[in-house]
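What follows is a set of notes on a single structure, which appears directly below.
Quick note: the coordinates plus some simple rules give every number you see, no bench work behind them. All values reported here derive from a predicted model rather than from experimental measurement. Reconstructed Cβ throughout: ideal geometry from the backbone, glycine too, with neighbour counts over all protein chains shown.
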Amino acid sequence: MSQLHIALMPGDGIGPEVTDAAVRVLQALEAQSDDLVLRFETLSVGAGEYLSSGDPLPAAALERARACDAVLLGAMGLPDVRWPNGTEMAPQIDIREQLDLYQGIRPVRLYHEALTPLRDKRAGQIDLVIYRENTEGLFWERQASHDPRADYVENAMRISRRSSERIVRAAFAAARERRGKVTLVDKANVLPAMAFFREVFDGIAAEQPDVETDRVYVDAAALFLVRQPEQFDVIVTENMFGDILSDLAAGIVGGMGMAPSADIGAQYGVFQPAHGSAPDIAGRGVANPLATILSAALMLDWLGRDAEGSSIRGAVATALQDPDCRTPDLGGSVSCAEMAERVISLL
């Protein structure tokens, strides 16, 4: 019987609330299992930690995270806590870069037709995953400073062969486990860096003729996600494009409270809801914990505990069939804690 050591980074705003909900679900699974043993270690990271110590991502916390089997993160950042260059603190992005978590994985699944603003879409009909290159792209110079008196500011888009190859290969591997289709989303008709990204994609696609491929410009992809989301299986794209399309995709399946994510590298994995810290509702008990609970399911999958991960997703799917079991963002009145308890009862 092996013990899994999980680092918890609850973070800011609603982060501690949704993290606690996910931990209670994990503990319920542990109580039901003969061989699942979990040990949690809480680490202080985020805007609150910056206000306390002057560093949103203390080196000691990151070192402890490296020693754990996986990281479950709540939410980080507060709108009013910013760096001198005006950007919001985002230690979750620092973690991706420092741990080389190049795969930004964003599953998008419709659990109930009442949750989508799209007409005539049924549960399960929208089922795709976005593979976002997590370490470069238009985020490459995000920490650059600028002269506030300047007439213009530039940010370079970096697309390297190495990073492109590994995210594309990860997307093809995922497609083989799903429905066998990969869609490249780029802007190769305008940007040379995107044309290069497409060249890399085409080279890898030629090696794997058994996987169906498609190539869609990012503006058209935004349209198709709203009009025909069922055409997508696995999407692979650049960092900024993935950031934007992930939120759009979340909007068609219930919103950010239904948007889990995984940031995975060759050695480390961080799992978190794709939503922000939502300080306006923090402490009120109304946050939707399902994105975090589903992120915990992704974590279990990555740790080789697929049965438990599937159990969580099944419980969430069953819970959402009840129109009276929805948090305020989904049109209901169930609290964060009550939603977690409902999921636990259905495991």
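For the stretch 306-347 and the stretch 15-75, what is the centre-to-centre distance using only Cα atoms, to the nearest Å? That distance is 21 Å.
Among LEU99, LEU300, LEU223, the largest mean-square fluctuation in a Gaussian network model of the chain, built with springs joining Cα atoms closer than 10 Å, belongs to LEU223.
Sorting 282-292, 74-84, 189-199 by average packing, meaning the other beta carbons within 10 Å per residue, from highest down gives 282-292, 74-84, 189-199.
Could you order peptides 22-35, 329-342 by the average number of other Cβ atoms within 10 Å of their residues, highest first?
Values: 22-35: 16.8, 329-342: 18.4.
Ranked from most to least packed, the peptides come out as 329-342, 22-35.
The calculated 222 nm mean residue ellipticity attributable to helices in the chain amounts to -12000 deg cm²/dmol, summing -39500 (n - 2.57) over DSSP H runs of n ≥ 4 and dividing by all residues.
Only four residue types carry charge here, +1 at the Cβ of Lys and Arg and -1 at the Cβ of Asp and Glu. Report the dipole size of the stretch 117-249 about the Cα centre in Debye, rounded to the nearest 20. Write down the numbers at each step before the final one.
Details: 19 positive and 23 negative charges, 61 e Å.
Magnitude of the dipole: close to 300 debye.
Distance from the C-alpha centroid of the stretch 124-178 to that of the stretch 254-305: 20 Å, rounded to the whole angstrom. Working ranking of peptides 231-239, 314-322 by packing, defined as the average number of other Cβ atoms within 10 Å per residue, highest first, is 231-239, 314-322.
Would you order ILE312, ILE264 from fewest to most other beta-carbon atoms within 10 Å of each residue's own beta-carbon?
Numbers: ILE312 28, ILE264 24.
By the 10 Å Cβ count, ascending: ILE264, ILE312.
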